[in-house]
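Step one of this worksheet: look at the structure below.
No lab work stands behind these numbers, since they all come straight from the coordinates. Not measured: the values here are computed from a predicted model. Here Cβ is always computed from backbone atoms with ideal geometry, including for glycine, and neighbour counts include all displayed protein chains.
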Amino acid sequence: ELFARGGKLKGAGPGKNGQDRRDTLAEERTSLAAERTYAAWMRTGLASLAAGAGAPRLLELESPLLVNLIATVLMSFSLFCFGAAVWRELSLERDLKATEPRLPVWLLIAVSAALSLASLAATFLLWR
């Protein structure tokens, strides 16, 4: 159980370096929420990239130009999502005291950059 009698959190009070246990737990929850948010941005970007890549095959419209424009908008949105994921994670990274080890910044940037390059390549191949 987390709570002792009287509804007080077990271990509440000064912890390491005088930090309250509740503060530590709140920071861990915030860190986990940030990781879920990063994953959601990346998942949305991947879905948008897949939809953009599949649009020319799935949409049967009269104008191939319109289909290509729809695909380009979807792939551009994926670029936005990949960038927003890293930006949001890095902006929160400097606000947290990082009591827990998190994903390395270089890894976040590398994954986002690789997926952004894939999105740009797919857009280029679409208009080729």
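Structural remarks
- Between amide H atoms placed 1.01 Å from N, distances below 5 Å from Asp20 occur with Gly15, all of them 5 or more places distant or on a separate chain.
- Sparse packing (at most 13 other Cβ atoms within 10 Å of the Cβ) combined with a DSSP loop state is found for the following trypsin sites (Lys or Arg not before Pro) in segment 59-110: Arg94, Lys97.
- As a calculated quantity, the FRET efficiency between Arg94 and Leu58 at R0 = 35 Å, using C-beta atoms, amounts to about 0.25.
- With the cut-off at under 11 Å, measuring from each backbone N in segment 25-66 to a point 7 Å along the Cα-to-Cβ line of Leu125 picks out 53-54.
- The label-point distance for Glu35 and Ala51, in a model that sets each label 7 Å from Cα toward Cβ, rounds to 2.8 nm.
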